[in-house]
Amino acid sequence: MKILVPGNVPFDSTPTLDDPADVVVPYVMRDTIPDEHADAEVLVTWSSPARVLHDAARRLTRLRWVQTLTAGPDAVLGAGFGPDVVVSSGRGLHDGPVAEHALALVLATVRRLDRSLAAQREREWVREQGKEQASAEAGRTFTLDGARVTIWGFGSIALRLAPLLAALGAQVTGVAGAAGERGGFRVVDHAGLAALLPETDVLVSLLPATAATRHALDAARLALLPPRARFVNVGRGATVDETALVAALRSGALAGAALDVTETEPLPPASPLWDAPNLIVTPHVAGGRPQHAREFLTAQVRAWRQSGSAGLRNVVARD
């Protein structure tokens, strides 16, 4: 079994093989797969461009399984691999770093670090910010202590993030496909989101990019949030109507936002997001490198050898 693995990544993603018939072949993610390796049966990908994935879907006719090391499989699913090709995601490999970055963005927007950094660049000591923070009228807008935080997309990353927010005094509620309790936190279903938003101080999105989630945060849902609310997105940019988000920030209908992902990446210089007030943008760096990728791939290859797709973790449903 020939396994193609990205060779130009800043971590060791080469699995340990048990079967001498298996062979690992490194490839350059930015380049199309060489013809001599078009007979590969397994493709491991991390951040390959769309053109490389589309080319692989067209030319690698013997491919049986694609393993992406990203938490979201949307790029692979959109590449056109045949329905007989099994796709599995890297869900769980980025939980810690994404939770850390989400917490950093929440704190940055709540504590107004964007304003402090702007003042620093101008060599200004802005006393007004301290007075605002000390004001009783500011309420929960400067602190997570007592703030109501809604995490939209309550999966494995949310299970890492929610306790961190709770440790700072936040009241955390999740939103997922089914209502119940996860990790000790109350979770409502998607139908319950509308009732939750008017009482939300910070909305954190961890939504994946699917047809159902495209522009899930639209003008109507933004209007349900109170003006004091802040929005943080570390999921996928396509889930947000960016025109509506910019309008809400400019009108003051939303107090602030922080985005690690945007609908078009890299974010074009002409995008109105760059100049939107009270908005923090980071360049899709929340996930960083997958954690424990080698161990994960070794277990996945062994499971594939023993049980096929039935033994794999994170198999993605194909429509």
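Derivation of every value follows stated rules applied to the coordinates shown; laboratory data play no part. All of these numbers come straight from a predicted model, not from anything done at the bench. So basically every Cβ, Gly included, is an ideal-geometry build from the backbone, and we count neighbours across all protein chains shown.
Points worth noting:
- A straight chain from Leu113 to Ala247 at 0.36 nm per residue would run longer than the Cα-Cα distance by 46.1 nm.
- Fluctuation leader among Leu164, Leu203, Leu105 - the chain, Gaussian network, Cα springs under 10 angstrom: Leu164
- Each of Val5, Val25, Val86 was scored by other Cβ atoms within 10 Å of its Cβ. Arranged with the fewest first, they read Val25, Val86, Val5.
- Sequence-ordered 3J(HN,Hα) estimates for the range 237-245 from the Karplus curve with 6.51, -1.76 and 1.60 and θ = phi - 60° stand at x, 5, 7, 10, 7, 5, 4, 5, 5 Hz, glycine and proline given as x.
- Rounded to the nearest 20 debye, the dipole size of the chain about its Cα centre is 420 debye, using +1 on the Cβ of Lys and Arg and -1 on the Cβ of Asp and Glu.
- Highest mean packing comes first when the peptides 47-53, 254-260, 191-197, 121-127 are listed by Cβ atoms within 10 Å, giving 254-260, 47-53, 191-197, 121-127.
- Burial ordering of Asp31, Asp241, fewest other beta-carbon atoms within 10 Å first: Asp31, Asp241
- Close amide H contacts of Thr262 (hydrogens built in the peptide plane, cut-off under 5 Å, sequence separation of 5 or more or a different chain): Gly237.
- Ordered by the count of other Cβ atoms within 10 Å of each Cβ, fewest first, Phe81, Phe231 give Phe81, Phe231.
- Phi angles of the range 289-299 translate, via the Karplus equation with coefficients 6.51, -1.76, 1.60 and θ = phi - 60°, into HN-Hα couplings of 6, x, 8, 6, 5, 5, 5, 5, 5, 4, 5 Hz per residue; Gly and Pro are given as x.
- Extension gain, Arg58 to Ala270, is 72.9 nm, computed as 0.36 nm per intervening residue step minus the present C-alpha separation.
- Using equal-weight Cα scatterers in the Debye expression, the normalised intensity of the range 95-281 in log10 at q = 0.11 Å⁻¹ is -0.45.
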